[in-house]
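Structure, as structure tokens:
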Amino acid sequence: MGDRCALGRVRSTSRRTSTRRAFGLACACGLAMPVATAWGQFPQFTIQRIGLFDQEHTSATGTQEAVAVGFLNAMSASGTVIGQSSRYAGNTPIGQSAWVWNGSATLSIGLENPEHTDTDGTQNHRPLVQNARGQVIGSSARFTPSGDAIGGSLWTFDGVATHEIGLLGPEFTAPNGRRVNAYTNAFPPFLIRPINAAGHVIGFATRFSSSGSETGTSAWAWNGTTTQEIGLSGPGYGGTLTQPLGNLRYSVPRSQSDTGLVAGISARYAESGAYLGEDAWIWNGTVTQAIGLTGPQYTTSAGLGYQSPIDQNRAGQVAGQAARLSPTGEGLGDDVWVWNAGSVQQVGLTGPGYASGAGRQSSTIRLQNEAGQVVGESSRFAADGSSLGLDAWVWRNGVTQRVGLDGVDHNASTGFRESQVLAQSEAGLVAGVSNRYTPSGQGNGRDAWGWNGVQTQQIGLTGAAYTGSAGWQEVDFSLGVNAAGNVSGRSYRISGVDTRNGQDAWVWDGAITRQVGLVGGIYTGTGGHQESSVSISNAAGILAGRSMRITGVDGNLGRDTWYFDPSTGTSVPVIGSVRTSDNYANSTPWFLSENGFLMGTYSFFAGGVGVGENRSFIFRPDLGFADLGNLLSGTLAAGGWDSLSGFGWGSGWPTALGFGSVIGQPNNGGIFILGTIPSPGAAVVLGLAGLVATRRRRTRA
């Protein structure tokens, strides 16, 4: 077997079970792993194609196109899926239909009336985002009777019916009928919750003058029944510009909590209509209240000022920033504030070292967790006002504390240093990076660190393989902090002074750093080149990633998936098929369930030869590798599929969402829901398809 599978080349040793020996034999022969005996205890999978595929969504030549919509959000926690399907008149595309799969059927949703239909039958509907209960926000294009595009309508689907939402009065409708309502958007959507757990939606509507000119926006909130205009209004919040603009206003909601608190901004104006900046506000379901820091350092002599809510957690704590301004309007940095239950507190590092003699002071918020902990950075200044870099900080329980690495390698001879926060967990663990410097003050890479609530610890892989001849080290993060409190990343392998020679993956569990991934044999080049990366993790601390197969110095022979189990400290290779002529293999992990089942795709080489066919696999160390097609009830062809080529999402249901090649549709493919056939005595497998996607994302929770 040797390097064909490199089964004996994983970094950590572990007991080789009979399943793993069978797995090694299969990949050595260049064949897909047959269904292991252990998989016989599991019920078979079923596949259901989802989307709209009736005559309206099929071209004259049989083309059908459907896609799931919303990264991290296409499938909700309750198992609903949102997407869109192309519409056709003969072979002519006439827009898109929105749909939701509700667990048993695909339903067409959106505003499908004459107001949203062009003269040639075109309709453009798009689902935008959904909450955990499967309530959906979407948009539909609007048309005049003569076929002119006149903006878009926003709607929500509550599981039964589609409801138009937003502000629809004469102030929000141009003379030609144009109307534009939009939802508050950000990536990823859980940062702002445009639709919260209760199904409430926040958005804004474009305002129009009597001549049809746009005169700003109004913020609104939909409570499940009615749409209400919100935001700051009255003197100071409505411009009085002369025609053709008329009365100018500008309000936008930025976020909402699960309890219904909405944070946003409203523009301020002088009586002349001159713009005076923006104020932050909170709406509690009844009234709108201005929030933020007050004082002369935040307002110019002309009344200009800027307050902005940046983040809000589910409980309604809002973190934001206030611009510091000189009396004449010169920007002097930003201060961070936190609003909680009616009170505002400034946070961040202040005092000597964090303020210049000219009044400059600046802090930036990075993240806020559900427990109310806020992290960010503050600028450092020398006595003459020159910059000395950034210090990272954590604010919790009313106190700001500096964090980050502060050793001799992380302070330049000039006094310059720079630390940044990149991630934090709900339990309060914080991770970031600090720049490295040579004794003469030159940049020398950067190190990663973790703060466990008590102290800052350097994390990542260090040592000779990761350190250049002049001390250069370079570390990056992969996933941030996961629910298990683990931080994963990569340390670059360095040759010479600062030349990269690949990268090794690692995980820090709050105490120690462990190398993960596959090394040695086919995973290490003749000059020491290695490349491993972390792709996904789950709440149990299990990781999956990819390691490059190498020939010669750094020749690429594909990448193998690996599976790291923290209970054994072992990275296990996941290989389904190898091309025998050159040892090429390739696989990609797509998602990992909370009970440890890994699903992904791999290249299958029939007889160990050919260009390879894209197939899907499922794996767990105690069960081994299985081609998903071999676990299906019936054959792929019987279900209308040529092959399964990938997975995108999972939910708490016994379902997984994926995509593949449909017979007769090789270029367009289709979307499927994977489920299981219940069988007596097979309760052990009910978690098998209860897959919870842990795709790469910015980690807040």
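Things to note:
- Which numbered condition ALA77 misses (of (1) of a type outside the set (Ser, Thr, Tyr); (2) part of a helix (DSSP H, G or I); (3) surrounded by fewer than 16 Cβ atoms within 10 Å (Cβ to Cβ); (4) at pLDDT 70 or above): (2)
- Members of the stretch 280-316 found to be touching a residue at least 60 places away in the same chain (Cβ under 8 Å), out of contact with any Ser or Thr (no Cβ under 8 Å at 6 or more places or on another chain) and either closer than 19 Å to ILE365 by Cβ or of a type in the set (A, V, I, L, M) (or both), listed by number: GLN297
- Looking only at the stretch 95-118, residues that are under 18 Å from SER153 (Cα atoms) and not charged (D, E, K, R) come to 13 in all.
- Output for the stretch 532-552, where each listed residue is touching a Gly at 6+ places or on another chain (Cβ under 7 Å), closer than 24 Å to TYR466 by Cα and surrounded by 23 or more Cβ atoms within 10 Å (Cβ to Cβ): SER532, VAL534, SER535, GLY545, SER547, ARG549, ILE550
- Residue selected from the stretch 430-458 under the condition β-branched (Val, Ile, Thr) and under 13 Å from VAL403 (Cβ atoms), by the criterion surrounded by the fewest Cβ atoms within 10 Å (Cβ to Cβ): VAL454
- Residues that are at pLDDT 95 or above, in contact with a strand residue (DSSP E or B) (Cβ under 9 Å, 6 or more places away or on another chain) and not in a strand (DSSP E or B) occur at least once in the stretch 91-112.
- When the stretch 253-298 is limited to residues that are farther than 24 Å from GLN346 by Cβ and among the hydrophobic types (A, V, I, L, M, F, W, C), the one that is modelled with the highest pLDDT turns out to be VAL287.
- Matching residues, the stretch 144-178, being charged (D, E, K, R) and either within 30 Å of ALA197 (Cα to Cα) or loosely packed, with under 14 Cβ neighbours inside 10 Å (or both): ASP148, ASP158, GLU164
- Residues of the stretch 194-217 that are in contact with a Lys or Arg (Cβ under 6 Å, 6 or more places away or on another chain) and either among the small types (Gly, Ala, Ser) or within 14 Å of GLN135 (Cα to Cα) (or both): GLY216 alone.
- Residue in the stretch 414-429 that is surrounded by fewer than 23 Cβ atoms within 10 Å (Cβ to Cβ), under 25 Å from GLU531 (Cα atoms), over 20 Å from the mean Cα position of the chain (by Cα) and among the aliphatic types (A, V, I, L, M) present: no
- Only residues that are of a type outside the set (Ser, Thr, Tyr), over 24 Å from LEU367 (Cα atoms) and in contact with a strand residue (DSSP E or B) (Cβ under 9 Å, 6 or more places away or on another chain) were counted in the stretch 437-462, giving 4.
- Answer from THR588, THR568 - the residue that is surrounded by fewer than 21 Cβ atoms within 10 Å (Cβ to Cβ), touching a residue at least 40 places away in the same chain (Cβ under 8 Å) and part of a loop (DSSP other than H, G, I, E, B): THR568
- Qualifying residue in the stretch 35-43 (condition: of a type in the set (Phe, Trp, Tyr), part of a helix (DSSP H, G or I), at pLDDT 50 or above and under 30 Å from SER547 (Cβ atoms)): yes
- Candidates LEU557, LEU518, filtered to the one that is closer than 22 Å to SER587 by Cβ, surrounded by fewer than 23 Cβ atoms within 10 Å (Cβ to Cβ), in contact with an Asp or Glu (Cβ under 8 Å, 6 or more places away or on another chain) and of a type outside the set (S, T, N, Q): LEU557
- For the condition among the aliphatic types (A, V, I, L, M), touching a residue at least 24 places away in the same chain (Cβ under 8 Å) and in contact with a Leu (Cβ under 8 Å, 6 or more places away or on another chain), VAL347 does not qualify.
- Some residue of the stretch 387-396 being buried (at least 21 other Cβ atoms within 10 Å of the Cβ) and touching a residue at least 60 places away in the same chain (Cβ under 8 Å): no
- Any chance ALA371 is aliphatic (A, V, I, L, M), crowded, with 23+ Cβ neighbours inside 10 Å and more than 19 Å from ARG324 (Cβ to Cβ): no
- Just one residue in the set ALA182, ALA198 is within 28 Å of the chain's Cα centre (by Cα), closer than 16 Å to GLY152 by Cα and hydrophobic (A, V, I, L, M, F, W, C); that residue is ALA182.
The values are calculated or read from the model by the stated rules, or taken from the named source; none is laboratory data. Computed from a prediction, not measured in an experiment: that's the story for all the values here. Ideal geometry is used to build each Cβ from the backbone, glycine not excepted, and the neighbour counts take in all protein chains shown.
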